[in-house]
Amino acid sequence: MLTIAKPIKDRNHLFYILGAIAIVVIVLAGFTKTYYLKFAFGTPALTPLVNLHGIVMTLWVVLFLVQTWLVASHRTHIHRRLGIFGAILAAAVLVVGTTTGIVAAKLGHSPGPPPLVFLVVPLGDMVIFGTLVSIGLYFRRKSDIHKRLMLLASLSLLTAAIARIPLEFIHSGGIPVYFGLTDLCILICVVYDTVRLRRLHPAFTLGVILIIASQPLRLMLAGTQAWMQFANWLVR
């Protein structure tokens, strides 16, 4: 017998649902012109690999939204079952995302910076995403750790979407702006959670250090002779 879900009143659950919705909005802002509504803008046709990448990433974002809603609606048994699909999908995100980034660099595609320089962004994102998801799945029975790491993993993927939002200050700012706006989204969530709990949760501490510390390292690495040699080797 079907039941109507009760309104979400718990502020903790509402926080994660709003976070998931914000992720959806940012992804749409970045990829509507070149992917979701490309037929309306007359943008260039996409390769099968890019289409697959779009499908996989969209599924991840939608799954994250659905999973937060299931927990908020106390349908944790469905949430756990979908978690198996989520683990498989996370692996697909890593494989397809890495491959797409390398092929894009090989074809000379980039939202602004030189393609081989920009390659440090998607590859770094995949490393961070994979690390956070892996730890999050390991702690899947500790909901306070699991949900925070999965939120951070999803937020860490926003850099590519932010880089493609059609705003001049984003495009002219380059990689530092892409990272800065991603960090702003992350810090808004962390600050809200910290104020609500009156303490910084260790999972957020670990995740934020991992994400933000990787960014200056990537900026220092991008464009160096060592990175360019590595990037050239990848795109051969």
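The values are calculated or read from the model by the stated rules, or taken from the named source; none is laboratory data. These figures come from a predicted structure and were not determined experimentally. Here the Cβ positions follow ideal geometry from the backbone for every residue, glycine too, while neighbour counts run over all protein chains shown. Accessible surface areas use protein heavy atoms only, side chains included; no ligands, DNA or RNA. Shrake-Rupley method; radii C 1.70, N 1.55, O 1.52, S 1.80 Å.
Looking at this structure, is residue 86 open to solvent by less than 80 Å² (accessible area, probe 1.4 Å) and touching a helix residue (DSSP H, G or I) at 6+ places or on another chain (Cβ under 7 Å)?
yes
Looking only at the range 178-195, how many residues end up being in contact with a Phe, Trp or Tyr (Cβ under 7 Å, 6 or more places away or on another chain) and either open to solvent by less than 20 Å² (accessible area, probe 1.4 Å) or among the β-branched types (Val, Ile, Thr) (or both)?
Looking only at that region, the number is 2.
Can you tell me which residues in the range 132-155 are among the small types (Gly, Ala, Ser) and farther than 16 Å from residue 93 by Cβ?
143
I want to confirm something. Restricting to the range 104-117 and keeping residues that are touching a residue at least 60 places away in the same chain (Cβ under 8 Å) and assigned to a helix (DSSP H, G or I), which single residue is surrounded by the fewest Cβ atoms within 10 Å (Cβ to Cβ)?
This residue is 106.
Tell me which residues, restricted to the range 193-203, are of a type outside the set (Ser, Thr, Tyr) and either part of a helix (DSSP H, G or I) or without any contact (Cβ under 8 Å) to a residue 40 or more places away in the chain (or both).
Selection gives 193, 195, 196, 197, 198, 199, 200, 202, 203.
Would you mention how many residues in the range 1-25 are in contact with a Leu (Cβ under 6 Å, 6 or more places away or on another chain) and modelled with pLDDT under 90?
Counting residues in the range 1-25 that are in contact with a Leu (Cβ under 6 Å, 6 or more places away or on another chain) and modelled with pLDDT under 90 gives 1.
I need the full set of residues from the range 89-103 which are among the small types (Gly, Ala, Ser), free of Cβ contacts under 8 Å to residues at least 40 places away in the same chain and open to solvent by less than 40 Å² (accessible area, probe 1.4 Å), in order please.
Matches in the range 89-103: 92, 101.
Taking the residues in the range 129-177 that are surrounded by fewer than 22 Cβ atoms within 10 Å (Cβ to Cβ) and within 15 Å of residue 213 (Cα to Cα) as candidates, determine which candidate is modelled with the highest pLDDT.
Among residues in the range 129-177 that are surrounded by fewer than 22 Cβ atoms within 10 Å (Cβ to Cβ) and within 15 Å of residue 213 (Cα to Cα), the one modelled with the highest pLDDT is 131.
Condition check ((1) in a helix (DSSP H, G or I); (2) more than 22 Å from residue 161 (Cβ to Cβ); (3) among the aliphatic types (A, V, I, L, M)) across all residues:
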{"position": "191", "(1), (2), (3)": "yes, no, yes"}
{"position": "205", "(1), (2), (3)": "yes, yes, no"}
{"position": "210", "(1), (2), (3)": "yes, no, yes"}
{"position": "220", "(1), (2), (3)": "yes, yes, yes"}
{"position": "223", "(1), (2), (3)": "no, yes, no"}
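Which residue is least open to solvent (accessible area, probe 1.4 Å), if the candidates are limited to the range 30-83 and must be in a loop (DSSP other than H, G, I, E, B) and of a type in the set (Gly, Ala, Ser)?
Across the range 30-83, the extreme among qualifying residues is 73.
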